[in-house]
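A quick write-up on the structure given underneath.
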Amino acid sequence: MKVMQLGLMLTALAFSTSSFETQASGLSPGQVLNKTHRANTHNIVRNFVETRKGYGYVTFTGGKVIGNTSNDFTVTVGPHNTTLGSVLGGVDLNFKPEDAECVRGLHLSLSVGSDVPFSLSPTCNALLRTDIKRTISHTVASFDVPIPAVPIDPAGIFRLGVSVGAALKVGADFEAGLEVGGFDKPNKPIKINGVRRPDFIFASVRPFISGDATAKGYASLNLLFKTVEKGVKGSLTLINAGTKAYAEAGVTYKKQPGKKHQYYTRLKWDANAQGGNGKVGLYCDVKLFGFARIFYAETDLISWSPIYEFNQTIYDQTAYL
């Protein structure tokens, strides 16, 4: 089993000349996405499922912003729901948004199994100059899940044992930045009608998964005047799915009674999925003297119709304190 994990961690290390305490409050939507796409399967295969989930929170407590967003995808197959592949992407926030000095740190990383093919730790000054944007992807062949012998013809005379796997393309789009004045770079405090625009830090990760299911199985038998060939045919495209989680927190300068500034948090998820078409099946071809077909049969192992879920916002909320 191979498990692909993609992580985005944003850790802020800050100091301040003043301190403040707030009650724990913010956004805690919990699970915002939980969708399962189940293919049509032979009763011996039983299951071929692609699942998408998203959840998270952002809160102020003890003068800090802490939060997390997570998105994960899994593909399972067979009577025991064996995992073919799993992708996990997350954002972790932990910083003090009121600090005047810019001494925050940011770490971006991608893990595939025990490997870490991507790791980046930009400085705060680097984030002030330009936002971070990276796309990392890997193609990974999953292991094969053995399936018991499947009857090909209605009478069950011809059977073939097969294994089901997948060639998966997994990865993530990363973004992070630090904005002063609430506008694009360069960062300069900006006032509109005497009110300074917000300062904020943000991070997002969009893990994705796509690929093709594979099946293996072949047998050929020569019986003097007759040949029997059994094998796998067809192709099955996995659902191309991506879910972007965006977390933002900062300080606004609109005057409130008894306050010089106000803190806020924002969480947003966008999701899309499309594809998932095709089928994989078994066939049996019996020929007399190697060329005259006297029997042919086939049966579907896995099939599903394409779905089209174009990019849509499934959650977008802002909390002010």
Checklist line | For A166, distant residues with modelled amide H under 5 Å away | finding: S142, T214
Check: Which pairs break 21 Å Cα to Cα here: K53/K169; K133/K191; K64/K244; K230/K287; K230/K279?
Finding: K133/K191; K64/K244
Note to self: Per residue of the range 186-197, what does 6.51 cos²θ - 1.76 cosθ + 1.60 with θ = phi - 60° give for ³J(HN,Hα)? Whole Hz please, x for Gly and Pro, Karplus curve as stated.
What the structure shows: x, 7, 9, x, 10, 10, 10, 6, x, 10, 6, 5
Checklist line | Residues whose placed amide H lies under 5 Å from that of D153, excluding near-sequence neighbours | finding: F158
Checklist line | Theoretical FRET efficiency, 1/(1+(r/R0)^6), r = Cβ-Cβ of K233 and E309, R0 30 Å, to 0.05 | finding: 0.55
Next item on the list: Using Cα centres only, tell me the gap between the range 238-276 and the range 34-55 in whole Å.
Entry: 29 Å
Margin query: If I model a spin label as a point 7 Å beyond the Cα along the Cα-Cβ vector, how far apart are those points for N40 and Q317 in nm?
Written below: 4.0 nm
Item checked: Contour excess over end-to-end distance, with Cα ends at T135 and Q31 and 0.36 nm allotted per residue -> 34.9 nm
Item checked: Counted charge near N34, where neighbours are those whose Cβ lies closer than 11 Å (Asp, Glu -1; Lys, Arg +1) -> +2
Next item on the list: Using per-residue counts of other Cβ atoms within 10 Å, averaged over each peptide, order 298-306, 267-275 from highest down.
Entry: 267-275, 298-306
Notebook entry, point to check: By how many nm would the segment from K226 to N81 grow when fully extended, if each residue of separation counts as 0.36 nm and the alpha-carbon distance is taken off?
Noted result: 48.3 nm
Check: Counting other Cβ atoms within 10 Å of each Cβ, which trypsin sites (Lys or Arg not before Pro) in the range 166-217 have at most 11 and sit in a DSSP loop?
Finding: none
Check: What are the residues whose amide H is under 5 Å from the amide H of G63, where those residues sit 5 or more places off or on another chain and H is modelled from the backbone?
Finding: T22
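Every number in this text was worked out from the coordinates using simple rules, so none of it is lab data. Every value quoted in this text rests on a predicted model; they were computed, and no experiment measured them. Cβ sites come from the backbone with ideal geometry, for glycine too, and all protein chains shown count toward neighbours.
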